[in-house]
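Report on the following structure.
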Amino acid sequence: MSTTALQGWHPGELAIQRKLGYSSAVSDSWSYIKNFMPEQHRIFHTSNLPFIPMTTIDEYGRPWASIVAGSTGEVGFVESPDPQTLSIHARLWDGDPLLNTVKTWLNPNHPQPTPPERFLTAGLGVEFSTRRRNKFAGRIKHVSAATNSHSDYRIDIAVTETLGNCPKYINTRTLTPHPTTNPTITHHHPHLPTPSSHRLPPEIITFIHTADTIFLATISTPNPNSTNSNTTNPTPQPPHAGLNARSGLPGFTRVLPSNPPTIILPDYSGNRFMSSVGNIHASGVAGLTILSFTTGDILYLTGTAEHHVGDSARRIMSRQGSLTVVEVSGYVFVRDAVPVREEPGSFVQRSLYSPRVRYLVGEMGGGGGGGEEGGGGGKAVLERGVKLAGDLAVFRFRVVENGKGKGVRVRAGQALVLDFMEWIGPPQYRHMSEDAPGEINDDRVRTWTVSSAHEGVEGVGVEGFELTMREMKGGVVTGALFNLLRSRELKPGGMVQFDASVCVDIVGTTGDFILGTGKLDVLWVAGGIGITPFLAMLRALAGRGGSVQGDVVLVLATREPRVMVGLVKEALGGMPLAVRVRVEVFTSSEGGFDVGGVVRPNVSVSVHKGRVGREYWRGVSKDKEVFVCGPGGFGDEVVEGLRGAGISPGQIHREGFY
C-alpha cells in the first residue's frame, strides 16, 4: 500500500500558495496526505464522534456541507471494516443536502449522474472536547436504506485521502446526545434566481454573526490538461472534494449587505497547505454550513466563491489580508435538527489562537453588530500615563491627525480600535505556540473602552482620550505600555509624561453599549476592569449638568476595591443632584478602605463581602435597563441571575471580553 495519496499540489493550491508566499515552505508537504486511514484515525471516527460534517455535490456541481449523525446522537454510528472504508449509519432529515444525493443513488431510473463528481465526498471528524480533528476524502461507493425507518441509511465511503488536521482554532465544548428532535424547514431557497434580488432574512444574518464555527465544503475540478506540482512525474489531477472547519470568536464571519447575499470568511494563519482555498481557486464554488450547538438549528449555504489576497482582501475587510467571498446561490435553514447539543450548564472555551473579530470596510457599529465607525484613519500619540496599581493604569492619548476629515468621535460607553503595528512591529510566523498562542495572528490591533467622557459639539472630533486598562498576562501591547511605566519605577498614583515616540493609528470607534439620553433608570454591573465604560458614563452625566435626572445603581465586583472606588469618586465629579447614584461594592478583599469621600446627598455606597449572589438580583426593579460589562464567566452568571429574577432579556445589554 502506498503511503501517500498525492504526487504533488494541484494548480489551485499552487496558485494560492504562491500569492501568499508559502510555496517554498510547503513544497513537499503534500506527502503528509495518506491514501488510507491509520489505525488511530479509524478508532477516532468510529469511537469518538457524535456527528461528522461531510461534503456532498448537488446535480449542478455545487458543494454543500452536510451533518451526519446516528439516530440517537451517540458515538458509534460509524464503522471501519478496513483502512480504506468508512460505513456510516446516518439518520438524515429533510433539508440536509446529503439526503438528495442518497435518494439519487437509490433511484434505479436515475441516469448517470451529471456532473461526474456527483458522488465525491469528504469529511472532518472533530472531537470538540479535546480539539482533535482528522480529515478524510473519497467517494461514495454504496448506499442502502434501512428497512425499519424511512430516515436511516447506510453510506459506504471509499477513502482515498486522509490527514491529521490542525486543532488551532477549535472552540472546545462539551457535547451530549439529544435524540428527541423535530427537524423543521423554515427557509427553503436551494436555488436563488440569477440575477437575484433576494436578501437574507435578519434572523439568518444574526445566526451567521453569532456563529463561532463554520464548516466549509469545497471541490477541486481542475482542467483535465493540468498536472500536479511534481514535474518529474506529471500526472493528471483528478477531481476531489474537501471539508474543513473555520473557527474563531463569535462574529468572525460577516455578511455583506449586498445583492446577491454575500458571506465573507476570513482566512487565519494555519498549516499553509491552502487546500480549501486552493479548491475554491480551482472550482469557483463553496458551501458553508453553520449549526447551533445549543438548539440544533442548522443553516446550509452554497454559492460561487473567490479567494482574495492582499489589497483586494483589505478593501473588503479591515486589516484582513486573506479571505474568501461567497455569493450565495442557495440556502436552507432547518430548526431542531441535529441530535447533539451542548451539555446544559457547560461553557465554551474559546481558542486562544483566534484573532479579534474584524469587520467589513464601512460596517457600522450601531446597526451592524459592533463594527467600526466614525473617524477611522487618524493618528494619536501617547501623552501620559498614571499608575493605579501593579497591573492597572490610565493612559492618555492626544489626537494629532484626524482621518478622512471627520475627526475622532466617541460616545460614553464606546470603544476605540487602535493599531500599534508601527510601534511594535509584526510577529514572526509560527504554526503553533503553546506559550503564546495569541501571538500567532496578532495584528497589533486592540480595542479598548474609552474611560474619558466626550460630550462635545456634535460632529466635532475629540482632542484626546483616556484608556483605563489592566496589563494582560503575556499581552504584547499592554506589556509594552506597562513597561514604559516600569522603566520610570512609578509608585501607585505616580504620573509620567511621554514624548511623541509612541504613535498609533486610529482604526475607528465601535460599540452600541452606550449611555442614552433623557431620564435614566439603569442598573450597571461591572466585573473588575469592566468598570471602564461606566466611568465614561458617570463623567458624561456629571458634564450634562441640570439637563439630566434619574436613578443609577452601579454594582461593582472587584478584588481591588480601594482603586476602583477611587476611580468612581473621580468620575462622579460634580454629579447633578437630580441624578441619584447608589454604588454597591462586592469584594473578597480583606483590607479596609474609605468610602466617605464618595458619599454625598445624592450618592450612597454599600460594601458587601464576597461575590454577588443570586438573592441580590431578586431585589432589582423589573423596570430597570441593565448594562453588564466584565469577563465572560462573570457576565454569564450575572445574566443568568438577572433572568432568573424575572428581568426580560430585552432589558439586558452585554459588553463581553473576547
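The values are calculated or read from the model by the stated rules, or taken from the named source; none is laboratory data. Fair warning: this is a prediction, and the values are worked out from it, not measured in the lab. Every residue, glycine among them, receives a Cβ derived from its backbone with ideal geometry; neighbour counts consider all protein chains shown.
Only one of 49, 6 is touching an Asp or Glu at 6+ places or on another chain (Cβ under 8 Å) and outside the structural domain of residue 217 (by TED's automatic domain parsing); which?
Result: 6 is the single residue among 49, 6 that is touching an Asp or Glu at 6+ places or on another chain (Cβ under 8 Å) and outside the structural domain of residue 217 (by TED's automatic domain parsing).
Which ones in the range 544-568 are over 36 Å from the mean Cα position of the chain (by Cα) and either surrounded by fewer than 18 Cβ atoms within 10 Å (Cβ to Cβ) or among the basic types (Lys, Arg) (or both)?
544, 545, 546, 547, 549, 550 - these are the residues of the range 544-568 that are over 36 Å from the mean Cα position of the chain (by Cα) and either surrounded by fewer than 18 Cβ atoms within 10 Å (Cβ to Cβ) or among the basic types (Lys, Arg) (or both).
Using the structure shown, decide if residue 577 is of a type in the set (A, V, I, L, M) and surrounded by fewer than 17 Cβ atoms within 10 Å (Cβ to Cβ).
yes
Just for the range 241-264: of the residues that are part of a strand (DSSP E or B) and under 22 Å from residue 134 (Cα atoms), which one is farthest from the chain's Cα centre (by Cα)?
Ranking the candidates gives 241 first.
Could you run through the range 23-80 and say how many residues are at pLDDT below 95, among the aliphatic types (A, V, I, L, M) and out of contact with any helix residue (DSSP H, G or I) (no Cβ under 9 Å at 6 or more places or on another chain)?
0
Which number in (1) more than 26 Å from the chain's Cα centre (by Cα); (2) small (Gly, Ala, Ser); (3) not in a loop (DSSP other than H, G, I, E, B) marks the one condition that residue 65 misses?
So the condition that residue 65 fails would be (1).
Just wondering, is there one or more residues in the range 32-39 that are under 18 Å from residue 133 (Cα atoms) and free of Cβ contacts under 8 Å to residues at least 60 places away in the same chain?
Among the residues of the range 32-39, at least one is under 18 Å from residue 133 (Cα atoms) and free of Cβ contacts under 8 Å to residues at least 60 places away in the same chain, which makes the answer yes.
Can residue 90 be described as in the same structural domain as residue 45 (by TED's automatic domain parsing), touching a Ser or Thr at 6+ places or on another chain (Cβ under 8 Å) and of a type in the set (A, V, I, L, M)?
No.
Name the single residue that is modelled with the highest pLDDT among those in the range 349-378 being under 27 Å from residue 474 (Cβ atoms) and assigned to a strand (DSSP E or B).
By that ranking, first place goes to 349.
Quick grid of which residues meet (1) over 23 Å from residue 265 (Cβ atoms); (2) of a type outside the set (Gly, Ala, Ser); (3) assigned by TED's automatic domain parsing to the domain that holds residue 293; (4) at pLDDT below 85:
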residue: 129; (1), (2), (3), (4): yes, no, yes, no
residue: 165; (1), (2), (3), (4): no, yes, yes, yes
residue: 188; (1), (2), (3), (4): yes, yes, yes, no
residue: 194; (1), (2), (3), (4): no, yes, yes, yes
residue: 205; (1), (2), (3), (4): no, yes, yes, no
residue: 220; (1), (2), (3), (4): no, no, yes, no
residue: 234; (1), (2), (3), (4): yes, yes, yes, yes
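Can you tell which of 504, 496 is modelled with pLDDT of 90 or more, touching a Phe, Trp or Tyr at 6+ places or on another chain (Cβ under 7 Å) and outside any helix (DSSP H, G or I)? Lay out the reasoning, then the answer.
Numbers: 496 fails: touching a Phe, Trp or Tyr at 6+ places or on another chain (Cβ under 7 Å).
Of the residues listed, the single one that is modelled with pLDDT of 90 or more, touching a Phe, Trp or Tyr at 6+ places or on another chain (Cβ under 7 Å) and outside any helix (DSSP H, G or I) is 504.
Collect the residues in the range 514-538 that are of a type outside the set (A, V, I, L, M) and surrounded by fewer than 23 Cβ atoms within 10 Å (Cβ to Cβ), keeping them in residue-number order.
Listed by number, the residues that qualify are 516, 517, 518, 519, 521, 528.
Which condition does residue 147 not pass, out of (1) in contact (Cβ under 8 Å) with a residue 24 or more places away in the chain; (2) out of contact with any Leu (no Cβ under 9 Å at 6 or more places or on another chain); (3) of a type outside the set (Phe, Trp, Tyr), if it passes all the others?
(1) is the only condition that residue 147 fails.
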